[in-house]
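**Q** Just passing along the structure, written as structure tokens.
The values are calculated or read from the model by the stated rules, or taken from the named source; none is laboratory data. This structure is a prediction, so every number in the text was calculated from the model and none was measured. We work out accessible area using only protein heavy atoms, side chains counted, and drop any ligands, DNA or RNA first. Shrake-Rupley method; radii C 1.70, N 1.55, O 1.52, S 1.80 Å.
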Amino acid sequence: MGIPRPPGLDGWHSKLIVKWMSDANVWLYKKTDGRWGSSFRGVQVVLLTVTGRKSGEPRTKPLLYLRDGDDVVVVASTGGMARHPQWYLNLEATPECSVVIDNVETLRRARTATPDEKVRLWPLLNALYSDFEMYQQWVGDAREIPVVILEPRTD
């Protein structure tokens with residue numbers, strides 16, 4: 001079965017800690033022009049800005065990413081929590097977004113990887129950050145962790 005699911009993972013305190021750490025990472029990245037906060041455990045971080053589906057306000061999250069040609073690929077894992085992250089739900093409502101990589105912002109359009117694309121990308125993502133597979137084990141049948149492809153926008 002792998003590593004057992006941590007008790008309390010989906011509690012309010014865990015969600016608050018994840019939110020605080022994400023906000024601190026974004027602040028640090030922006031304040032230092034990416035000198036700090038641009039990687040986590042040796043993996044590069046992208047700043048993804050989405051439109052809040054309820055507020056209409058921009059929301060920025062730091063995420064680990066994989067380059068796949070011109071696409072940027074991210075994983076909606078939320079550290080193995082039982083529900084999809086808010087940024088993913090926001091992208092489902094409004095797929096237009098932007099990313100910052102190496103202090104360069106580009107406009108993107110998000111879509112969830114097809115099953116065939118996920119089969120190809122999942123091993124690459126796990127080679128990049130092996131905890132993704134553990135997170136999928138933690139959520140089990142509760143949800144399929146989405147792989148999100150951020151394609152360049154041409155409009």
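**Q** What does the accessible area per residue of the chain come to in Å², with a 1.4 Å probe and no ligands, DNA or RNA counted?
**A** Here the residues of the chain average 57 Å² of exposed surface.
**Q** Let me ask another. Just to make sure I understand: if all protein chains stay in place, what is the order of Leu16, Leu128 by accessible area at 1.4 Å, largest first?
**A** Result, largest first: Leu16, Leu128.
**Q** Turning to a different aspect of this structure: Carbon and sulfur together cover what percent of the accessible area of the range 31-155 at a 1.4 Å probe radius?
**A** 50
**Q** Cross-link partners among lysines for Lys54, C-alpha distance below 22 Å, same-chain residues fewer than 8 apart left out?
**A** Partners within reach: Lys15, Lys19.
**Q** Which sequence of His13, His84 reflects their accessible areas, 1.4 Å probe, from the largest down?
**A** Accessible-area ranking of His13, His84, largest first: His13, His84.
**Q** Let me ask something else. If you build a Gaussian network model of the chain, linking Cα atoms that sit under 10 Å apart, which residue out of Ala110, Ala127, Ala82 swings the most?
**A** Highest fluctuation of the listed residues: Ala127.
**Q** For Asp23, what accessible surface area do you get with a 1.4 Å probe? Give it in Å², rounded to 10.
**A** Counting only protein heavy atoms, the figure is 60 Å².
**Q** Under the classification rounded if a/c is under 1.5, otherwise prolate if a/b is larger than b/c and oblate if not, where does the chain fall, given a ≥ b ≥ c as square roots of the Cα gyration tensor eigenvalues?
**A** Taking the square roots of the gyration eigenvalues as a ≥ b ≥ c, the chain is rounded.
**Q** What number, in nm² with one decimal, is the all-direction average of the projected area of the convex hull of the alpha-carbon atoms of the range 84-155?
**A** For the range 84-155, the mean projected area of the Cα convex hull comes to 5.9 nm².
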